[in-house]
Amino acid sequence: MLEKKMSITDLQAKKGVEKITAITAYDALMAGIFDAEVDVILVGDSLKFSFGGENETLGASIEEMLYHTKAVCRGVKHSFILADMPFGSYATQKLALKNALKFYKNTAANAIKLEVDIQKLPIVRALCEEGIAVVAHIGLKPQFARFDGGFKVKGKSEKEAQELLECALAMQEAGVCSVLIEGVKSQVAEKITKALSVPTIGIGAGNACDGQILVWSDAFGFFSAFKPKFVRTYCDGKAMLKDAIRAYAKDVKSLQFPSENESY
């Protein structure tokens, strides 16, 4: 459990020493519950998928991400806060800088995350040079799902594995504080992790990464539309909540709630 606010240097110091723990959150309530229990809380555009009922993340806007990031920041005192830059918000260097500055000026996020390939290197470098902490998201990139024809595991071929490694090294050279590796063959993610001096955080990329992240509704059994191979469910939250809401409804209908002690 964290006793002080997690900084970038604290996070980077964990590489090779202690695994980094990360989870998503989208509001002050859940962020407050997760705070200090994990090292990193990601305000992800996954909210469109997991909570918005959409089948992709592309619909998230800057305004939505700022709103949710502000909410998370209000609930967090210790964990490192990472915010997603939504699809289309960093299409050009000028646009990326404009929108990244909105996060830095209007929220207390510690860093922003961009889904990138080597073509985005000039944009990433420009943000880092401006003093904006960037996490590079490589591998399976949900914002590219339409372009890729779905959510596909990366690093299956030698060529693709080499491209991922080169991209990660280039991002590190550009100044990123960490690299998030999603949906990548575990041996490739391990090779990338060993080659980098900055920490890697994996999701569906094996246990050799410097840390792991999951979407909270997946990890705690609330999202059941489908279960990715890399998800481990730590409780059946959906069933627990169903039981609780049924008990509440039963008590109301039977006049058991509110009782005399719960009335004025």
message: Checking the table 15/191; 156/238; 94/185; 5/238 against a 23 Å threshold on Cα-Cα, which pairs fail?
response: 156/238; 94/185; 5/238
message: Could you sort the peptides 173-180, 133-140 by per-residue average Cβ neighbour count (10 Å cutoff), highest mean leading?
response: 133-140, 173-180
- prompt: What Kirkwood radius, in Å to one decimal, follows from the Cα pairs of the range 112-226?
  reply: 14.4
task: Please calculate how many Å² of accessible area the chain carries per residue, with a 1.4 Å probe and no DNA, RNA or ligand atoms counted.
output: 52
query: Roughly speaking, what is the centre-to-centre gap between the range 224-261 and the range 131-174 when only Cα atoms are used, to the nearest Å?
result: 39
- prompt: How large is Rg/Rh for the chain, to two decimals, with Cα atoms and a Kirkwood Rh?
  reply: 1.02
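Counting only protein heavy atoms and a 1.4 Å probe, tell me what percentage of the chain's accessible area is made up of carbon and sulfur. List each step's numbers first, then the result.
Working: 7610 of 13610 Å².
The computed percentage sits at 56.
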message: Please list, by residue number, every one of the trypsin sites (Lys or Arg not before Pro) in the range 120-164 that is coil in DSSP and has at most 16 other beta-carbon atoms within 10 Å.
response: 152, 156
query: Can you give the Kirkwood hydrodynamic radius for the range 26-74, in Å, rounded to one decimal and based on Cα pairs?
result: 11.2
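The values are calculated or read from the model by the stated rules, or taken from the named source; none is laboratory data. Only a predicted model underlies this, so the values are computations on that prediction, with no experimental measurement involved. Backbone-built Cβ (ideal geometry, glycine too); neighbour counts: all protein chains shown. For the accessible areas, the whole protein counts, side chains as well, though only heavy atoms, and no ligand, DNA or RNA atoms are used. Shrake-Rupley method; radii C 1.70, N 1.55, O 1.52, S 1.80 Å.
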